[in-house]
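This report refers to the structure that appears directly beneath it.
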Amino acid sequence: SDLVLKNEFIVVGAHYDHVGDGRLGHSNGPIGYIHNGADDNASGCAALLETIEALSDSHVDTRRSILFAFWDGEEMGMVGSNHWFDAPTIPPTAVRLSINIDMVGRLRDGRLEVSGTRTGYGLRRFLSRAGNDSIWLDFSRELTANSDHWPFLEHRIPIVLLHTGEHPDYHRPSDDADKINHAGLESVTRYLLDTVVA
């Protein structure tokens, strides 16, 4: 809605691939069984789809433009997000922030891990403004090259990664839908929506 800021973009993304039948090097075992990846990263895709729908239905005017991205090949080395920089759909220099949603379906004790706050000025304060009483933000997660936020950081674009933490089902066939915390996923998605709008 802002005549100047509409030429700047917030990229909000989640990867939709997982590790298939758990081949060696991609699975924590056992291999040869379908790994559905309910948390990694169907949960992030669900949060992204709900955010898109809520923004579309509410007709909220944001000052900046928003690019939603569903990345492929994250498990193979962030192939999709790296490719985007080789063939971008908007000028990367116009991206002011990348928000990556990865594994947000296992909220425990209301704790949402947020990393990347030191990649941009005032990000921690800004991220603390949005949200609700059902989650608390844990800013202690280490920033590593483990998801689709990393290519943006390599291009000196500030990033935020939302995550609800590791668990024993990570990259195993047992990462299935019955273990998703639906109320927690809703809380994280509400936080994501509030943050994107802000």
Magnitude of the Cβ-charge dipole (Lys and Arg +1, Asp and Glu -1) of region 42-156 about the Cα centre, nearest 20 debye, reported as 660
Around ASP176 (Cβ within 13 Å, Cβ-to-Cβ, excluding ASP176; K/R +1, D/E -1) the net charge comes to -2
For ILE52 and LEU3, extending 7 Å from Cα along the Cα-Cβ vector and measuring point to point gives, in nm, a value of 3.2
If I model a spin label as a point 7 Å beyond the Cα along the Cα-Cβ vector, how far apart are those points for ASP109 and ARG124 in nm?
2.0
Taking the Cβ-Cβ separation of GLU166 and PHE68 as r and a Förster radius of 25 Å, what is the calculated FRET efficiency to the nearest 0.05?
0.45
Put a dot 7 Å past each Cα toward the Cβ at THR93 and ASN36; how far apart are the dots in nm?
4.7
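Leaving out ligands, DNA and RNA, and with a 1.4 Å probe, what % of the accessible surface on the chain is carbon or sulfur? It would help to have the intermediate numbers written out before the result.
Values: 5230 of 10000 Å².
Carbon-and-sulfur percentage of accessible area, whole number: 52.
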Output ordering of 143-153, 8-18, 59-69 (per-residue mean of other Cβ within 10 Å, highest first) is 8-18, 143-153, 59-69
For region 43-82 and region 153-196, compute the distance between their C-alpha centroids and round to whole Å.
13
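If the chain between VAL197 and ASP133 were fully stretched, how many nm would it gain, using 0.36 nm times the residue separation less the Cα-Cα distance?
Numbers: separation 64, 0.36 × 64 = 23.04 nm, distance 1.81 nm.
That works out to 21.2 nm of additional length.
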Using only the Cα atoms of the chain, what do you get for the radius of gyration and for Dmax, in Å?
16.3, 54
Listed highest first by mean packing, meaning other Cβ atoms within 10 Å per residue, what order do 26-39, 90-103 come in?
90-103, 26-39
Å² per residue, accessible surface of the chain at 1.4 Å:
51
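Label region 1-109 by shape, choosing from rounded, prolate and oblate, from the square roots a ≥ b ≥ c of the eigenvalues of the Cα gyration tensor; if a/c is under 1.5 it is rounded, and otherwise prolate applies when a/b is larger than b/c, oblate when it is not. Don't skip to the answer; put the middle values down first.
Numbers: a/c = 3.28, a/b = 1.74, b/c = 1.88.
It comes out oblate by the Cα gyration axes.
The values are calculated or read from the model by the stated rules, or taken from the named source; none is laboratory data. No experiment lies behind these values; they were computed from the predicted model shown. So basically every Cβ, Gly included, is an ideal-geometry build from the backbone, and we count neighbours across all protein chains shown. SASA here: full protein model, heavy atoms, side chains in, ligands and nucleic acids out. Shrake-Rupley method; radii C 1.70, N 1.55, O 1.52, S 1.80 Å.
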